[in-house]
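Written below as C-alpha cells is the structure these notes are about.
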Amino acid sequence: MSTPAEKHAFRVSGETALTLVAFIVFFTALLAWVYLFSRPVIEQSTRTEKLVVLNQILSPDLYNNDPLNDSISLPAEPALGTKTPSTVYRARINGKPAALVMDVVAPDGYSGDIKLLVAFNAEGQVLGARVIEHKETPGLGDYIDPRKDKNKDTPWITQFNDVPGSLSAQDWHVKKDGGKFDAYAGATVTPRAVVKAVHRARDFVMANRQVLFMPSAMQNLSGPPPDKR
C-alpha cells in the first residue's frame, strides 16, 4: 500500500510528464508552422541565388525561357560525380535547345567534394562553370571560387568560359601536367580535380546531348567511356 508521500511523488511525476508532453506538442506545432510559413520565402531565395549563379555562366541573351522551370532530375551519376539525384536546367531560345546548366561534383578535391554548376551549349561545348560549395584550404586552393580569387579581373574559374570543342583529352589537364589550364603554384590538386570533373561532365553531355532536352532523357542516358587517365 502506497504511503501519502509516495502518492504525492507519483502525482507530481505525472503532472511533470504531462507538462513536458504539452510543451513538446506546442513547440513541435510552432516549428511546423514556422517552416510552412517560411518555406515559400526560402524557396524563392534559393531560386534567386540559383538564377544569379546561372546568369554568371549562361548569358541571358542565349535563352528566352525560364530554365529553373524547364528542368529534369537525373539519378546519381558517376560521370557527374553525383551521389544523389541532381538537376539539369534547360535553356531554350524560341523553344529550340540552346544550353544546359547542370550540377557537377569533383570528388577528389584536396579537402573533399567540390560542387559546381557547369553550363554547356546544345553542341556540348563548355560555356562556363562556377564553384558553389567547397572546403578547400583558405588562401591556397580556394581560388577556384571567384569570390576568394585575388585576381578579380580574370578569376581562375573563367578559364571555362567558352572552352573550344577542339580540345583533346590531353588538353584537359593543368599546364603542369601538359594541359591547357593554368594553376597557381603550390596548389594544383584542387584545379586538377575541377578540370577533370568538368571534362567528365563534358563527355557525358556529348554522349547524351540529344536526349538531355527531352522529358524522358534520364531513361536513356549513357555515361562516357571509362576514364583511363
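The values are calculated or read from the model by the stated rules, or taken from the named source; none is laboratory data. None of these values were measured; they are calculated from a predicted model. So basically every Cβ, Gly included, is an ideal-geometry build from the backbone, and we count neighbours across all protein chains shown. Remember, those area values only see protein heavy atoms, side chains included, never the ligands or the DNA or RNA. Shrake-Rupley method; radii C 1.70, N 1.55, O 1.52, S 1.80 Å.
Of note:
- Against the test of being open to solvent by less than 70 Å² (accessible area, probe 1.4 Å), within 29 Å of Phe160 (Cα to Cα), at pLDDT below 90 and in contact with a strand residue (DSSP E or B) (Cβ under 6 Å, 6 or more places away or on another chain), the options Leu100, Leu80, Leu54, Leu74 yield a single qualifying residue, Leu54.
- Answer residue from region 103-120, given it is among the small types (Gly, Ala, Ser) and open to solvent by less than 10 Å² (accessible area, probe 1.4 Å) and is farthest from the chain's Cα centre (by Cα) among those: Ala119
- Any chance Asp61 is within 30 Å of Met206 (Cα to Cα), at pLDDT 85 or above and exposed (fewer than 11 other Cβ atoms within 10 Å of the Cβ): yes
- Pair list, Cβ under 9 Å, 6 or more apart: region 121-139 residue within 26 Å of Ser111 (Cα to Cα) and open to solvent by 20 Å² or more (accessible area, probe 1.4 Å), other residue of a type in the set (A, V, I, L, M) and modelled with pLDDT under 90: Arg130/Val53; Arg130/Leu54; Ile132/Val53; Thr137/Ala187
- Against the criterion of being under 21 Å from Gly112 (Cβ atoms) and surrounded by fewer than 12 Cβ atoms within 10 Å (Cβ to Cβ), Gly186 qualifies.
- Residues (touching a Gly at 6+ places or on another chain (Cβ under 8 Å), modelled with pLDDT of 90 or more and not aromatic (Phe, Trp, Tyr)) located in region 202-229: Arg202, Val205, Met206, Ala207
- Those strands (runs of 3 or more DSSP E) of region 75-154 in which at least 2 residues are among the aliphatic types (A, V, I, L, M) and under 13 Å from Val205 (Cα atoms), considering only elements entirely within it, cover 96-109, 112-121, 126-133.
- The set of residues in region 146-179 that are crowded, with 16+ Cβ neighbours inside 10 Å and modelled with pLDDT under 90 comprises Pro146, Lys148, Asp149.
- Filter result for Val194 (of a type in the set (Val, Ile, Thr) and outside any loop (DSSP other than H, G, I, E, B)): yes
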